[in-house]
Amino acid sequence: MSGLALKLLDELNEIWLFDCGEATQHQILRTNIRLRKVTKIFISHNHGDHIFGLPGLLATRSFQGDVGPLTIYGPPGLDQFVKTSLRISKTKLSYPIKFVNLEKAGKIVDEKGFKVYTEKLDHRIDSWGFRVVEGDKAGELLMDKLAQYHVPNGPLLGKLKRGEQVALEDGTVLDGHDFLGPAKKGRVVTVIYDTRSTPAIGRLADHADVLVHEATFDASESKLAKEYYHSTCTQAAETARAAQVGHLYLTHVSARYVGPLASQMVKQARKIFPETTLAKDLDCFVIPMKGEKNE
């Protein structure tokens, strides 16, 4: 079942979920994720294997202490599913939910240095892909260059770090921009669930650090993938290569591909795009900043 957590604890003290298949909250119990940290849930489409975990997870979140509001982004009708499930089961939540219907391509989040873009994919029902863009970060304060001015620890250093001007006791005026190293490029994560190949994926994945892409079938089943509005592992790899992404993670793999068949699927994809990993349940990957070593 599909469920992905993007941990932004260091950046925002938040966690964002992408899809919420059945038993998502059971898997979360096997991790260090706390539902009170989940502030946004992005749902690609309204098929059951991507949304049936929502009612239980939302109810459990109510018992996580003083939790804040939650925003759910998804196709029209998702709000009805959630509200009906909670009403029929007499479930009362301790926090408000805001629903954002996905009806057109564009930017759906712009806050706290992060932006999220969405585009419609090609599935049997409306399905949406997501591109998470982290804003660029200011360069490090060049303390060696600053040493001759004997700036005391405290608010003045903070202002210089923010690129502001400060005046020292002797009247010297320093411009923070003169003492900052190169800005660090923000990271980009693209999440693509159920879809056929479509140009929209390339736009969402363009130069992403990470592309998470469904790979329901292996390379030999391209006709079946098209019939069922899904993708093969090699189609995902071709997209990753064309979009020049940093790393490709294959998910949503059919249960028929286990053991040697799963290994063969990875080999097929790596022939096209070497930086490919078949993601397994509870895998956790660190996405380094540009120029930093991957963990």
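Please treat every number below as a calculation from the coordinates, not as lab data. Note that the structure is a prediction, hence the values are computed from the model and not measured. Quick reminder, even Gly has a Cβ in these numbers, built from the backbone with ideal geometry, and neighbours come from all protein chains shown.
General observations
- Taking the helices alone, the chain has a mean residue ellipticity at 222 nm of -7000 deg cm²/dmol, built from -39,500 (n - 2.57) per DSSP H run of at least 4 residues and averaged over all its residues.
- Spacing of the modelled spin labels on E111 and Y229, each 7 Å from Cα toward Cβ, amounts to 3.0 nm.
- The stretch 187-295 pair-distance distribution - Cα-Cα, 5 Å bins, rounded %: 2, 13, 25, 25, 20, 10, 3, 1, 0
- Among beta bridges that DSSP assigns inside the stretch 187-295, antiparallel share in %, nearest 5: 0 percent
- Extent along the principal axes, Cα only, for the stretch 1-47: 32, 22, 13 Å, with the longest axis given first.
- Ordering of 206-215, 193-202, 150-159, 166-175 by packing [mean C-beta count within 10 Å, highest first]: 206-215, 193-202, 150-159, 166-175
- Of all DSSP bridge pairs formed entirely within the stretch 162-245, close to 40 percent run antiparallel.
- Debye intensity ratio I(q)/I(0), log10, the stretch 97-173, q values 0.12, 0.19 Å⁻¹ (C-alpha model): -0.58, -0.85
- Normalised by 2.2 N^0.38 Å, where N is the number of residues, the C-alpha radius of gyration of the stretch 1-103 stands at 0.98.
- DSSP-defined beta bridges in the chain - what % are antiparallel, rounded to 5: 50 percent
- Relative contact order %, the chain, counting alpha carbon pairs below 8 Å whose residues are six or more apart: 12 percent
- Here the Debye sum runs over all C-alpha atoms of the stretch 39-164 as equal scatterers in vacuum, and log10 of I(q)/I(0) at q = 0.09, 0.17, 0.19 Å⁻¹ comes out as -0.44, -0.91, -1.06.
- Averaging 1/r over every pair of different alpha carbons in the chain and inverting the result gives a Kirkwood radius of 21.1 Å.
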